[in-house]
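Peer 1: Structure below; questions to follow.
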Amino acid sequence: MNQALDVIIEKCRKHPQQKLIFSANLFFAHEVCIKNMPLETLKKYVDALKEAGVHRIDINMGLFPWLDNHQETIQKYDALIRHIRHAKLQLAINPQYSTMYHKFRKFDDWKTAALKVYPEIAKRYQPDIFIVVHEPTVMNERMGVNVSPKEWRDFTQQTAIAVKEVSPGTRCGAGIVVALQSEWKYFDEFLTLKELDIITFDIYAIRGLNAANKMIAQAKRRGKNVYIEETWRPTYSVPEKGKTVTLDDRSAIGIGNKTFQALDANWLKAMTLYASTWGLEAITPFWTQTFFKYVEENGNALNPEYNKQVIESINKGERTKTFETFKTLVQQYGKK
């Protein structure tokens, strides 16, 4: 992987680079974490990302706490986003479907719920960016249904219209996982929507980058901005015989394992140069727990024990070499 990344870096260095918006995913504000996450830790997380020089904070919200009217968590989001705005940072909201609090077996049920919740979030926070759908095949897997590109297109159009009605200054987008060829047909549908300002890519593998180059050109010809909404290096694991591993579980394996710290830094460097060379708007590292803590064993990004150690590191003000690499990249390639 390092050899492949070095090839990307060297190829990109031969071309002019453009300045980028650097964003970072505030993972502990994700729907699966937010309820039990201390507000002060979340604020320190934001402060650390600002210290790194980011321009924007990404939050992957869900239907919880909105459908549940869980006021304690809603107020936590309120306070967190006030803190983000006070820090003069942009806000991107990327809602998605997780099965932690709500389970849907029919796409129409999910659509009805999203059309209720998305405008509530948009009206409340007036985000700079609202990505109404990303990773459609992952959402399909979580629901256990096969939702067609046309159905996702209609969902995307309706939710984007609903968001802009209550937050006219918000730019709306939709995106795909580049490495999943099954997602490319959704890209074709998203591209036709005049309601979308942005097309996003989630890049978790080098596979598919040649196709991404063509899609970037297509999107730009349609007058749409393009950026990397999520990125991290691929995970490595040996499958257990007879055990089924979901896409979500697979994506979290060994993220915080110290073995991969140098590779993580090289991945960030390569993806930054790739985004800069191709004139993308922004780049967004996803597993930002690694900015604060690596461990000798396991390091599963969804493991409560690992994340407890991350929380301790955030509260102590600790930073990893990956954080320092990211900070240097922001200084070199970030917009002023």
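The values are calculated or read from the model by the stated rules, or taken from the named source; none is laboratory data. Since the structure is predicted, the reported quantities are computational estimates derived from the model, not experimental observations. Every residue, glycine among them, receives a Cβ derived from its backbone with ideal geometry; neighbour counts consider all protein chains shown.
Peer 1: From the list 282, 270, 301, pick out the single residue that is touching a residue at least 12 places away in the same chain (Cβ under 8 Å), more than 23 Å from residue 88 (Cβ to Cβ), out of contact with any Cys (no Cβ under 9 Å at 6 or more places or on another chain) and of a type in the set (A, V, I, L, M, F, W, C). Before the answer, list the steps.
Peer 2: Working: 282 fails: more than 23 Å from residue 88 (Cβ to Cβ); 270 fails: out of contact with any Cys (no Cβ under 9 Å at 6 or more places or on another chain).
Step by step, each of 282, 270, 301 is checked, and only 301 is touching a residue at least 12 places away in the same chain (Cβ under 8 Å), more than 23 Å from residue 88 (Cβ to Cβ), out of contact with any Cys (no Cβ under 9 Å at 6 or more places or on another chain) and of a type in the set (A, V, I, L, M, F, W, C).
Peer 1: Report, by residue number, each residue of the stretch 28-39 that is part of a helix (DSSP H, G or I) and in contact (Cβ under 8 Å) with a residue 12 or more places away in the chain. Steps first, answer last, please.
Peer 2: Quick first cut of the stretch 28-39, residues part of a helix (DSSP H, G or I) only: 28-29, 34-36, 39.
Within the stretch 28-39, 28, 29, 34, 35, 39 meet the criteria.
Peer 1: So, of the residues in the stretch 179-216 that are buried (at least 24 other Cβ atoms within 10 Å of the Cβ) and of a type in the set (Val, Ile, Thr), which turns out to be nearest to residue 227 (Cα to Cα)?
Peer 2: Looking at residues that are buried (at least 24 other Cβ atoms within 10 Å of the Cβ) and of a type in the set (Val, Ile, Thr), I get 200.
Peer 1: If residue 51 satisfies all but one of (1) touching a residue at least 60 places away in the same chain (Cβ under 8 Å); (2) surrounded by 19 or more Cβ atoms within 10 Å (Cβ to Cβ), what's the number of the condition it fails?
Peer 2: All conditions pass for residue 51, except number (2).
Peer 1: Being in contact (Cβ under 8 Å) with a residue 24 or more places away in the chain and of a type outside the set (Val, Ile, Thr) is the filter here; which residues of the stretch 241-261 pass it?
Peer 2: So in the stretch 241-261, the residues in contact (Cβ under 8 Å) with a residue 24 or more places away in the chain come out as 246-249, 251-258, 260-261.
Scanning the stretch 241-261 gives 247, 248, 249, 251, 252, 254, 256, 257, 258, 260, 261.
Peer 1: Pick out, from the stretch 188-294, the helices (runs of 4 or more DSSP H) lying fully within it that include 2 or more residues that are farther than 24 Å from residue 143 by Cβ. Give the derivation first.
Peer 2: Numbers: elements: 209-221, 247-252, 261-277.
Helices (runs of 4 or more DSSP H) meeting the threshold: 209-221, 261-277.
Peer 1: Now for a separate question. For residues in the stretch 44-58 being under 19 Å from the mean Cα position of the chain (by Cα) and in a helix (DSSP H, G or I), which is farthest from residue 71 (Cα to Cα)? Before the answer, list the steps.
Peer 2: Of the stretch 44-58, the ones under 19 Å from the mean Cα position of the chain (by Cα) are 45-50, 52-58.
Keeping just the survivors that are in a helix (DSSP H, G or I) gives 45-50, 52.
On the way: 45: 22, 46: 22, 47: 25, 48: 27, 49: 27, 50: 28, 52: 32 Å.
Among residues in the stretch 44-58 that are under 19 Å from the mean Cα position of the chain (by Cα) and in a helix (DSSP H, G or I), the one farthest from residue 71 (Cα to Cα) is 52.
Let's see how each residue does on (1) modelled with pLDDT of 95 or more; (2) within 26 Å of residue 174 (Cα to Cα); (3) in contact with a Pro (Cβ under 6 Å, 6 or more places away or on another chain):
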position: 223; (1), (2), (3): yes, yes, no
position: 229; (1), (2), (3): yes, yes, no
position: 237; (1), (2), (3): no, no, no
position: 247; (1), (2), (3): no, yes, no
position: 250; (1), (2), (3): no, yes, no
position: 255; (1), (2), (3): yes, yes, no
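Peer 1: On to the next question. Kindly evaluate residue 52 against the criterion of being aliphatic (A, V, I, L, M), within 30 Å of residue 102 (Cα to Cα) and in contact with a helix residue (DSSP H, G or I) (Cβ under 6 Å, 6 or more places away or on another chain).
Peer 2: On the way: aliphatic (A, V, I, L, M): yes; within 30 Å of residue 102 (Cα to Cα): no; in contact with a helix residue (DSSP H, G or I) (Cβ under 6 Å, 6 or more places away or on another chain): yes.
Against the criterion (aliphatic (A, V, I, L, M), within 30 Å of residue 102 (Cα to Cα) and in contact with a helix residue (DSSP H, G or I) (Cβ under 6 Å, 6 or more places away or on another chain)), residue 52 does not qualify.
Peer 1: Can you tell which of 142, 82, 105 is among the basic types (Lys, Arg) and closer than 25 Å to residue 47 by Cα?
Peer 2: Values: 142 fails: closer than 25 Å to residue 47 by Cα; 105 fails: closer than 25 Å to residue 47 by Cα.
After applying the criteria, what remains is 82.
Peer 1: Six or more apart or on different chains, Cβ under 6 Å: which pairs go from a residue in the stretch 1-27 that's more than 30 Å from residue 88 (Cα to Cα) to one that's β-branched (Val, Ile, Thr) and surrounded by 11 or more Cβ atoms within 10 Å (Cβ to Cβ)? Could you list them?
Peer 2: 4/206; 12/277; 15/277
Peer 1: Also: Only one of 206, 198 is touching a residue at least 40 places away in the same chain (Cβ under 8 Å), out of contact with any Ser or Thr (no Cβ under 6 Å at 6 or more places or on another chain), over 19 Å from residue 251 (Cα atoms) and of a type in the set (A, V, I, L, M, F, W, C); which?
Peer 2: Numbers: 206 fails: over 19 Å from residue 251 (Cα atoms).
Sole residue among the options that is touching a residue at least 40 places away in the same chain (Cβ under 8 Å), out of contact with any Ser or Thr (no Cβ under 6 Å at 6 or more places or on another chain), over 19 Å from residue 251 (Cα atoms) and of a type in the set (A, V, I, L, M, F, W, C): 198.
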